[in-house]
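*Asks:* Quick one: structure below, then a few questions.
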Amino acid sequence: MSDLKITVDGTSREVVADTTGFNLFESRSIVALRVNGELRDLAYVVADGDSVEGVELSSPDGLNILRHSAAHVLAQAVQNINPEAKLGIGPPIKDGFYYDFDVVEPFTPEDLRKLEKEMDRIIRAGQRFVRRVTNDSDARVELSNEPYKLELIGLKGNTDAVGDGAAEVGAGELTIYDNVNPQTGETVWKDLCRGPHLPNTRMIGNAYSLMRSAAAYWRGNEANKQLQRVYGTAWPSKDELKAHLERLEEAAKRDHRRIGAELDLFSFPEEIGSGLAVFHPKGGIIRRVMEDYSRKRHEENGYDFVYSPHITKSNLFETSGHLAWYADGMFPPMKLDEEVDENGIVRKQGQDYYLKPMNCPFHILVYKSQSRSYRDLPLRMFEFGTVYRYEKSGVVHGLTRVRGLTQDDAHLFVTQENMEEELTSVIGFVLGLLRDYGLTDFYLELSTREEGNPKFVGSDEIWERATGTLSRVAEATGLELVPDPGGAAFYGPKISVQARDAIGRTWQMSTIQLDFNLPERFDLEYAAADGSLKRPVMIHRALFGSIERFFGVLTEHYAGHFPPWLAPLQVAGIPIADEYSDYLHEIASELRSKGVRVIVDDSDDRMQKKIRNHTKDRVPFMLIAGEEDRSNRAVSFRFRDGSQENGIPVEDAIKRILSAIENKEQV
RNA sequence: GCCGACUUGGCGCAAUUGGUAGCGCACCGCUCUUGUAAAGCGGGGGUUGUGGGUUCGAGUCCCAUAGUCGGCUCCA
């Protein structure tokens with residue numbers, strides 16, 4: 001028997017024929033192989049010249065294999081319980097997996113529990129995952145009862161069309177995985193699948209859980225039938241599963257909708273309508289401080305402040321093109337009917353008025369209100385512009401997806417020559433301001449046009465120039481740059497700033513869009529130095545995106561522990577007993593005279609109760625005073641995290657508070 | 001928009017098979033008041049999202065509608 005020369009984890013080895021991954025790796029944490037760059041089952045029989053690496057269960061590839069194998073077990077469990085269920089696809093996803101099924105009755109929570117029991121049984125049975133190569137025609141016969149799998153076979157090789165189904169029918173050979181009973185050798189279940197899988201079901205272990213079920217369109221297309229999707233999570237160990245569930249719990253505690261109610265910041269009265277928020281006094285303070293600071297910074301950076309109405313006749317959005325592309329996303333028009341006199345003469349023309357979904361056309365009209373010269377440019381118009389968008393009922397979500405929102409919107413009119421310079425300064429401005437609000441970890445996304453999609457208007461040449469400019473500017477920041485093909489607005493490409501919050505989630509924040517299209521549609525001009533008329537370029541940018549959304553993101557980022565400069569109540573004075581109220585009131589008036597938001601809690605509650613109340617309210621500074629403090633003209637700090645500093649001289653305490661506010665420090 | 005679940009006093013929750021709506025917190029009143037996350041007693045407040053229907057009788061069943069939640073699709 002001739003020896004084969006292979007490389008194992010970078011080291012050359014000679015092995016006998018029919019050697020498999022099982023022979024090469026003893027560690028049970030190796031669950032699959034990477035052979036010449038391709039993932040394979042451990043049962044793969046090595047060939048001469050192969051370069052083989054072991055895939056650790058806890059590696060990203062290993063976790064995907066674990067989760068995808070768990071998805072197969074789920075599918076088997078579903079079909080064991082309901083043989084009529086037809087299989088969709090079942091890929092691994094972040095933290096888990098899902099599998100789609102065509103079933104008559106949607107899954108209930110009780111169904112999920114039953115399915116977990118059945119999965120346990122399958123896992124304990126230690127079924128082997130056995131790869132079998134097949135071909136289109138054989139597979140079609142074998143899977144004649146699985147219409148969705150048949151459809152995928154038809155798409156094989158067309159990676160774009162397969163989409164999430166790549167786990168089933170990726171490039172290369174068509175394969176079926178048989179689940180084999182290790183005792184009898186009998187195939188108990190099978191699924192069209194590219195693999196690889198764990199060697200057997202037992203290795204899935206018990207660190208998995210079915211999380212929820214929901215409907216999902218077949219192959220992600222709204223025009224297709226909805227299948228029932230079951231989501232699960234799976235981990236190498238019970239501890240990791242527990243940690244994951246705790247992370248979900250932590251995220252739920254930070255949910256801005258929950259904190260918004262707890263801290264009395266905002267609400268969505270049913271009487272007003274879905275996606276329409278009211279800000280309560282405490283939320284109002286945070287919002288006003290956010291806005292005030294933004295105004296100040298815009299003023300310092302050469303922006304002009306403009307104002308525009310909330311409604312407009314339809315022609316404005318016809319010219320801009322928004323009505324043609326986004327009429328569905330706009331509130332329907334207010335129709336003013338034509339009035340005709342008794343002779344049939346039109347006395348008053350009929351008109352459609354729309355709530356504005358965008359501010360740009362209004363700013364354009366300001367631009368057009370006079371002849372512009374190159375000396376006027378760049379012209380930077382800023383507005384807290386309130387817009388209304390008819391978001392589909394199913395997508396409205398807290399403050400992050402609403403139907404009425406206020407954008408911190410600006411439109412910059414620049415010459416082609418200074419466009420790049422202006423973009424560079426805008427992005428610096430944006431990042432600096434976001435940092436002031438406490439977000440510090442960013443990356444950029446460059447959204448570009450999708451070739452051939454008619455949604456994108458304007459010439460190829462213009463798109464290339466705009467995209468090239470944005471990309472140079474983005475690269476110059478030194479931040480990580482992620483491409484987003486097809487993500488551009490219909491009128492131009494954009495850079496968006498993505499921020500990571502305190503628990504590592506990313507949020508799309510600011511967008512900066514370059515637009516050659518609207519200036520053309522509105523026939524914008526300026527007189528160049530040589531006297532000729534030229535077309536300016538527009539830059540659209542919103543820094544918060546929408547104030548509502550930014551408010552929501554900051555709430556989750558801080559988990560309601562807003563830094564003192566934003567906190568609705570900055571200082572709460574808590575006397576040990578009634579007798580010390582006056583002393584605290586004295587300190588409070590001094591703070592108040594310096595603009596600090598402060599109260600003294602002289603309610604009937606015990607001091608312990610007051611500490612509890614103001615801690616729950618996330619008040620950054622609690623000032624406690626009793627005899628000891630008063631006689632030393634001092635005060636004791638207590639902070640939201642329970643820590644304390646006692647006997648601080650009043651003057652120092654005041655300085656400390658003022659400086660934290662002034663410097664936007666977190667405490 | 002689609003699929004599913006949910007909707008009980010300000011908030012969080014209870015109400016066996018359809019049979020007179022309860023609790024905690026909060027609120028109001030009184031009493032109490034010294035050191036770091038809930039003092040005690042008493043009181044008021046809901047007809048169960050809204051509109052229909054079934055029934056002798058509905059918070060509990062049916063239909064519609066609004067809103068919320070979880071997904072899918074979408075996000076200028």
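The values are calculated or read from the model by the stated rules, or taken from the named source; none is laboratory data. Predicted model, so just to flag it, every value in this text is computed and none were measured. Ideal geometry is used to build each Cβ from the backbone, glycine not excepted, and the neighbour counts take in all protein chains shown.
*Asks:* Every residue in region A:648-667 that is assigned to a loop (DSSP other than H, G, I, E, B) and without any contact (Cβ under 8 Å) to a residue 24 or more places away in the chain, please.
*Replies:* Hit for region A:648-667 is A:Asn663, nothing else.
*Asks:* Given the options A:Lys356, A:Lys313, name the one that is within 23 Å of A:Phe382 (Cα to Cα), within 13 Å of RNA strand B (Cβ to nearest atom) and charged (D, E, K, R).
*Replies:* Checking each option against the conditions leaves just A:Lys356.
*Asks:* Please go through region A:349-386 and give me each residue that is part of a loop (DSSP other than H, G, I, E, B) and either charged (D, E, K, R) or without any contact (Cβ under 8 Å) to a residue 12 or more places away in the chain (or both), ordered by number.
*Replies:* Taking region A:349-386 and keeping what is part of a loop (DSSP other than H, G, I, E, B), we get A:349-350, A:356-359, A:369-372, A:377-378.
Across region A:349-386, the qualifying residues are A:Gln349, A:Lys356, A:Ser369, A:Gln370, A:Arg372.
*Asks:* So A:Ser631 ticks every box in (1) surrounded by fewer than 18 Cβ atoms within 10 Å (Cβ to Cβ); (2) more than 14 Å from RNA strand B (Cβ to nearest atom); (3) more than 21 Å from A:Gly284 (Cα to Cα) but one. Which box is left unticked?
*Replies:* The single condition A:Ser631 does not satisfy is (2).
*Asks:* For region A:26-78, give me every one of the strands (runs of 3 or more DSSP E) that falls completely inside it and has 3 or more residues that are touching a residue at least 60 places away in the same chain (Cβ under 8 Å) and either of a type in the set (A, V, I, L, M) or out of contact with any Cys (no Cβ under 9 Å at 6 or more places or on another chain) (or both). Give the steps one after another, and end with the answer.
*Replies:* On the way: elements: A:30-35, A:38-41, A:51-56.
Result: A:30-35, A:38-41.
*Asks:* From the set of residues in region A:371-406 that are more than 23 Å from A:Pro536 (Cβ to Cβ) and among the charged types (D, E, K, R), which is farthest from RNA strand B (Cβ to nearest atom)?
*Replies:* The residue in question is A:Arg403.
*Asks:* If you check A:Ser59, A:Ser27, A:Ser51, A:Ser69, which single one turns out to be surrounded by 20 or more Cβ atoms within 10 Å (Cβ to Cβ) and polar (S, T, N, Q)?
*Replies:* Criteria check complete, one pass: A:Ser69.
*Asks:* Counting only residues that are of a type in the set (D, E, K, R) and in a loop (DSSP other than H, G, I, E, B), which one in region A:631-647 is farthest from A:Ala567 (Cα to Cα)?
*Replies:* Ranking the qualifying residues of region A:631-647, first place goes to A:Arg633.
Yes/no matrix, rows are residues, columns are (1) among the β-branched types (Val, Ile, Thr); (2) surrounded by 17 or more Cβ atoms within 10 Å (Cβ to Cβ); (3) in the same structural domain as A:Phe490 (by TED's automatic domain parsing):
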residue: A:Ala327; (1), (2), (3): no, no, no
residue: A:Gln351; (1), (2), (3): no, no, no
residue: A:Leu365; (1), (2), (3): no, no, yes
residue: A:Gly394; (1), (2), (3): no, no, yes
residue: A:Leu399; (1), (2), (3): no, yes, yes
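*Asks:* Please work out if A:Arg287 is under 26 Å from A:His397 (Cα atoms) and at pLDDT 95 or above.
*Replies:* Taking the combined requirement at face value, the residue satisfies it.
*Asks:* Another one. Test A:Val52 against the criterion of being in contact with a helix residue (DSSP H, G or I) (Cβ under 9 Å, 6 or more places away or on another chain), more than 16 Å from RNA strand B (Cβ to nearest atom) and not assigned by TED's automatic domain parsing to the domain that holds A:Trp235, and give yes or no.
*Replies:* So A:Val52 passes the test.
*Asks:* Given the residues A:Asp409, A:Asp436, which is the only one that is more than 16 Å from RNA strand B (Cβ to nearest atom), under 23 Å from the mean Cα position of the chain (by Cα) and in the same structural domain as A:Gly552 (by TED's automatic domain parsing)?
*Replies:* Every option except A:Asp436 fails the conditions.
*Asks:* Enumerate the helices (runs of 4 or more DSSP H) found wholly within region A:229-320, keeping only those where 3 or more residues are surrounded by 19 or more Cβ atoms within 10 Å (Cβ to Cβ), of a type in the set (Ser, Thr, Tyr) and in contact with a helix residue (DSSP H, G or I) (Cβ under 9 Å, 6 or more places away or on another chain).
*Replies:* In region A:229-320, there are no helices (runs of 4 or more DSSP H) which contain 3 or more residues that are surrounded by 19 or more Cβ atoms within 10 Å (Cβ to Cβ), of a type in the set (Ser, Thr, Tyr) and in contact with a helix residue (DSSP H, G or I) (Cβ under 9 Å, 6 or more places away or on another chain).
*Asks:* Can you tell me which residue within region A:490-502, out of those that are surrounded by fewer than 19 Cβ atoms within 10 Å (Cβ to Cβ) and over 13 Å from the mean Cα position of the chain (by Cα), is nearest to RNA strand B (Cβ to nearest atom)?
*Replies:* Out of the qualifying residues, it is A:Phe490.
*Asks:* Say whether the condition of being assigned to a helix (DSSP H, G or I), at pLDDT below 95 and under 24 Å from A:Ile81 (Cβ atoms) is met by at least one residue in region A:207-216. Outline the logic, then answer.
*Replies:* Initial filter on region A:207-216 (assigned to a helix (DSSP H, G or I)): none.
For region A:207-216, residues assigned to a helix (DSSP H, G or I), at pLDDT below 95 and under 24 Å from A:Ile81 (Cβ atoms): absent.
*Asks:* For region A:239-271, which residues satisfy the criterion of being in contact with a Ser or Thr (Cβ under 8 Å, 6 or more places away or on another chain), over 12 Å from A:Glu556 (Cβ atoms) and within 12 Å of RNA strand B (Cβ to nearest atom)?
*Replies:* A:Ala261, A:Phe268
*Asks:* Answer with yes or no whether A:Ile657 is touching a Phe, Trp or Tyr at 6+ places or on another chain (Cβ under 6 Å), in the same structural domain as A:Pro575 (by TED's automatic domain parsing) and either surrounded by 12 or more Cβ atoms within 10 Å (Cβ to Cβ) or of a type in the set (A, V, I, L, M) (or both). Before you say what the answer is, go through the steps one by one.
*Replies:* Numbers: touching a Phe, Trp or Tyr at 6+ places or on another chain (Cβ under 6 Å): yes; in the same structural domain as A:Pro575 (by TED's automatic domain parsing): yes; either surrounded by 12 or more Cβ atoms within 10 Å (Cβ to Cβ) or of a type in the set (A, V, I, L, M) (or both): yes.
So A:Ile657 fits the description; yes.
*Asks:* Would you say A:Ser581 is outside the structural domain of A:Trp507 (by TED's automatic domain parsing) and loosely packed, with under 12 Cβ neighbours inside 10 Å?
*Replies:* No: the conditions fail for A:Ser581.
*Asks:* Filter region A:590-620 down to residues that are within 22 Å of A:Val667 (Cβ to Cβ) and either touching a residue at least 40 places away in the same chain (Cβ under 8 Å) or more than 8 Å from RNA strand B (Cβ to nearest atom) (or both), then give me how many there are.
*Replies:* First pass over region A:590-620, keeping only residues within 22 Å of A:Val667 (Cβ to Cβ): A:590-601, A:607-608, A:610-620.
Still in the list and also either touching a residue at least 40 places away in the same chain (Cβ under 8 Å) or more than 8 Å from RNA strand B (Cβ to nearest atom) (or both): A:590-601, A:610, A:614, A:616-620.
Result for region A:590-620: 19.
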